[in-house]
Amino acid sequence: MQKTFVLIVGGGPAGSTVARYLSKKGIENILVQKNCEYRKPCGGGIRYTAFKEFSLEENIVEKKVKNIIIGFKKKRIHINIEKTPIYIVDRRKFDKYLRKKAKEEGTHILEGNFVDFYFEKDFIISKIKTKEREIYIKSKYLVAADGVNSLIRKKLFKEYIPRIPVNYIDISEIQIEDCHFYFGNKIAYKYYAWVFPHFEGGNIGTYKGRLENFLKFLNLKSYTKPKGFFIPLWKDNISLFKDRIFFVGDSAGQVLPFTFEGIYYAMASGKILAESFLKENPSLEYKKKWEERFLKQFKSLKILQEIFLKNDLTIYFMIKLFENKYIQKEMIKLWLGERDIKINLGFFLRAFKRAFLK
Ligand SMILES: Cc1cc2nc3c(=O)[nH]c(=O)nc-3n(C[C@H](O)[C@H](O)[C@H](O)COP(=O)(O)OP(=O)(O)OC[C@H]3O[C@@H](n4cnc5c(N)ncnc54)[C@H](O)[C@@H]3O)c2cc1C
């Protein structure tokens, strides 16, 4: 039986980042990834700051988005984000690249399907099926970076993470340079519908069952059969660990409310988790460090999401606010975590004053 200190299941942004930073610190680990050619269903949009923060080369970027368009009914707001661009990556290439980074630091990558685990004294025994055989790996810790449909979470807690079903299509015929976000019950329910430039053409998606309305709204016809997937819906007090098993990225619901940005938070949370293994009590350290860094921002955006995306009337008010340049700048800061705001009555009075009493 193979042995390791930490076994990581899932080689997406979360798992590869945990592996990479564990190896950097000299902590022995193995990363199991089901299929190394897998392309995660994803818009592939990442905040530019992630590249510096995680020392990633920009030649992996397919497109740099300098404008976003926010739409509701016939209204369009163009926001220049040249100074804070969104980088678009091809998830197959990007995830492979992140795994390569982990490998270069010393992680052993195993292509195989993690199918089960059990506890044996102070260890966890994991069963992995590769193309050739079945393997058992004995580890002190197990990291579940196995995404929104986490098998480990399902086995341990008997449920999946709270999540939103989405439908999406890739259309190679459209060529766009900007990221579009559209709101409204008919096309996006209480979330948003998106059109993102992709590695080839555009990626279009929205809440499950609203895609046909959205395509009509865009004056497009469906060229291919829509695909479906889930995006985690973050909630405070989702369990980050249990019995020496840690959850990170989508398996822990670490997707920023309102923007539904998950790649950056999967990586940032992965790094926090890896660094927690240097401490005496990794579980408490991980939770503490994650909350210190992200809890306020996640809570603030969750409140804004619940207030503004309630119905078409609240969306109308939100769009009025977004017309204001000052509010655009503040929202970008909040999104990038550069600004803490207290969401209280004062916040709304100031925002409404700026938007409506010019
Ligand atoms: C349609 C859509 C569009 C999105 N667009 C964006 C976007 O533009 N920007 C953004 O920031 N976020 C976006 N997200 C969210 C983002 O994709 C996720 O938050 C992010 O991929 C989470 O990373 P992760 O490593 O936690 O999980 P994942 O990327 O899902 O990685 C999990 C990995 O684990 C592997 N795995 C699963 N089970 C097993 C097993 N049993 N054994 C071995 N391996 C296993 C999988 O193959 C996968 O590679 C989008 C999500 C969806 C569904």
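In summary, strands (runs of 3 or more DSSP E) completely within segment 75-132 and bearing 1 or more residues that are among the hydroxyl-bearing types (Ser, Thr, Tyr) and surrounded by fewer than 16 Cβ atoms within 10 Å (Cβ to Cβ) occur at 113-120.
Of all residues in segment 67-81, those that are on the phi > 0 side of the Ramachandran plot have Cβ atoms under 8 Å from Cβ atoms of residues that are small (Gly, Ala, Ser), 6 or more apart or on another chain, in Lys73/Gly184.
Each row is one residue, and each column tells you yes or no for (1) under 30 Å from Thr130 (Cβ atoms); (2) of a type outside the set (Phe, Trp, Tyr); (3) more than 15 Å from the ligand (Cβ to nearest atom); (4) modelled with pLDDT of 95 or more.
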site: Ile27; (1), (2), (3), (4): yes, yes, yes, yes
site: Val32; (1), (2), (3), (4): yes, yes, no, yes
site: Phe54; (1), (2), (3), (4): yes, no, no, yes
site: Asn80; (1), (2), (3), (4): no, yes, yes, no
site: Lys83; (1), (2), (3), (4): no, yes, yes, no
site: Tyr87; (1), (2), (3), (4): no, no, no, yes
site: Phe94; (1), (2), (3), (4): yes, no, no, yes
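Could you check segment 256-275 and list, in sequence order, the residues that are part of a loop (DSSP other than H, G, I, E, B) and either buried (at least 24 other Cβ atoms within 10 Å of the Cβ) or in contact with a strand residue (DSSP E or B) (Cβ under 7 Å, 6 or more places away or on another chain) (or both)? Listed by number, the residues that qualify are Phe260, Gly262.
Just one of the listed residues (Gly253, Gly228, Gly205) is surrounded by fewer than 18 Cβ atoms within 10 Å (Cβ to Cβ), in contact with a strand residue (DSSP E or B) (Cβ under 8 Å, 6 or more places away or on another chain) and at pLDDT 95 or above, and it is Gly228. Taken over segment 1-48, residues that are of a type outside the set (Val, Ile, Thr) and assigned to a strand (DSSP E or B) amount to 9.
Let's see how each residue does on (1) out of contact with any His (no Cβ under 9 Å at 6 or more places or on another chain); (2) more than 30 Å from Glu291 (Cα to Cα):
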{"site": "Asp170", "(1), (2)": "no, yes"}
{"site": "Gly184", "(1), (2)": "yes, yes"}
{"site": "Asn203", "(1), (2)": "yes, yes"}
{"site": "Glu212", "(1), (2)": "yes, yes"}
{"site": "Lys216", "(1), (2)": "yes, yes"}
{"site": "Lys225", "(1), (2)": "yes, yes"}
{"site": "Leu233", "(1), (2)": "yes, no"}
{"site": "Asp236", "(1), (2)": "yes, no"}
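Listed by first and then second residue, the pairs with beta-carbon distance under 8 Å, at least 6 apart or on different chains, first residue in segment 137-166 and closer than 15 Å to Phe246 by Cα and near the ligand (Cβ under 10 Å from one of its atoms), second part of a loop (DSSP other than H, G, I, E, B) and among the charged types (D, E, K, R), are Gly147/Lys40; Ile152/Asp146. The set of residues from segment 214-233 being closer than 30 Å to Gln254 by Cα and not in a loop (DSSP other than H, G, I, E, B) comprises Phe214, Leu215, Lys227, Gly228, Phe229, Phe230, Ile231, Pro232.
Sub-7 Å Cβ pairs linking a first residue in segment 209-237 that is charged (D, E, K, R) to a second residue that is surrounded by fewer than 18 Cβ atoms within 10 Å (Cβ to Cβ) and in a helix (DSSP H, G or I), at least 6 apart or interchain, are Asp236/Lys299, ordered by first then second residue. Being in a loop (DSSP other than H, G, I, E, B) and more than 29 Å from Lys93 (Cα to Cα) is a condition met by at least one residue of segment 196-213.
The values are calculated or read from the model by the stated rules, or taken from the named source; none is laboratory data. Fair warning: this is a prediction, and the values are worked out from it, not measured in the lab. Every residue, glycine as well, gets a Cβ built from its backbone with ideal geometry; the counts of neighbours run over all protein chains shown.
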